[in-house]
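Report on the structure given below.
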Amino acid sequence: MKKKYIFILAFICVFYNFSYGENVKTDDVLSKIETADKNIRDMEFNFMQTISYVSTGEKQASSGIVKYKKQNYIYMFQKKPCEQHTYIDGKKMTVYVPANKQAVVENWKDVLNSDMILTMLVGFGKNFRSFEKNNLIILEESQNNKEYRLLMKPKDSGQLWEMHINIGKETLLVNSAEFDNKNFIIDVELKGYKLNTGVGTDIFRFKPEKDIEVIEL
């Protein structure tokens, strides 16, 4: 009889876990991500990004390092294909290319181009609530059992883009994302996370040398 009861108990446990997994909702996942983010003060990670242009088939790959500190401080060091530094201090975004000896400054929240996809993923757990104002975030079926897969798309049907975001179930951090606006597709992979290293704010501010041209848009 004991074996029979053990079998029944095991079946109930498996059925319960399966049912729970099937009934996980978008809000459940977003709440987990938001809770985990509260313990993160700063982070650093490596990124690999590929932009594929639909009409020409051309591809552009880039890679580098991103550092992030809460209050929307972001520093992005692109190593390849050319050296480029992006500084965001919560208000302004400065893009500096050493080879050109030129830096362009603009309001980063007003910028909407391919380079900003990566910054949307930085601190996603803190910022997704603001994304929900204009966008839908929907939990999709994941391609593996180690990740949650979210779909983000605009509420405005006139905007033709969508982004799939894959988030680790254990870390609750973004692993990768695919952005598609019918003109180009961006694949981003994030890895090598380092959390709460105590980084200061100086690295997020651009300090130009005298021979650097600064253009404010």
Residues in segment 32-51: is at least one assigned to a strand (DSSP E or B) and β-branched (Val, Ile, Thr)?
yes
Which of the residues that make up segment 41-71 are surrounded by 18 or more Cβ atoms within 10 Å (Cβ to Cβ) and touching a helix residue (DSSP H, G or I) at 6+ places or on another chain (Cβ under 8 Å)?
47, 49, 66, 67, 69
Considering segment 140-174, residues that are loosely packed, with under 12 Cβ neighbours inside 10 Å and not small (Gly, Ala, Ser), and then whichever is farthest from residue 25 (Cα to Cα), we arrive at 156
Name the pairs whose Cβ atoms lie under 9 Å apart, with the first residue in segment 154-165 and within 14 Å of residue 132 (Cβ to Cβ), the second of a type in the set (Ser, Thr, Tyr), and 6 or more positions between them or separate chains?
165/148; 165/176
Looking across segment 160-209 at residues that are assigned to a loop (DSSP other than H, G, I, E, B) and among the hydroxyl-bearing types (Ser, Thr, Tyr), the single one that is farthest from the chain's Cα centre (by Cα) is 201
Is it the case, given these coordinates, that residue 34 is at pLDDT below 90 and either of a type in the set (Lys, Arg) or surrounded by 13 or more Cβ atoms within 10 Å (Cβ to Cβ) (or both)?
no
Give the residues of segment 73-125 that are among the β-branched types (Val, Ile, Thr), at pLDDT below 80 and crowded, with 16+ Cβ neighbours inside 10 Å, sorted by residue number.
117, 119
Return the total of residues in segment 52-73 being in contact (Cβ under 8 Å) with a residue 40 or more places away in the chain, under 22 Å from residue 178 (Cβ atoms) and outside any strand (DSSP E or B).
2
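The values are calculated or read from the model by the stated rules, or taken from the named source; none is laboratory data. Remember, it's a predicted structure, so these values are computed and weren't measured experimentally. FYI the Cβ positions are ideal-geometry reconstructions off the backbone, even for glycines, and counts take in every protein chain you see.
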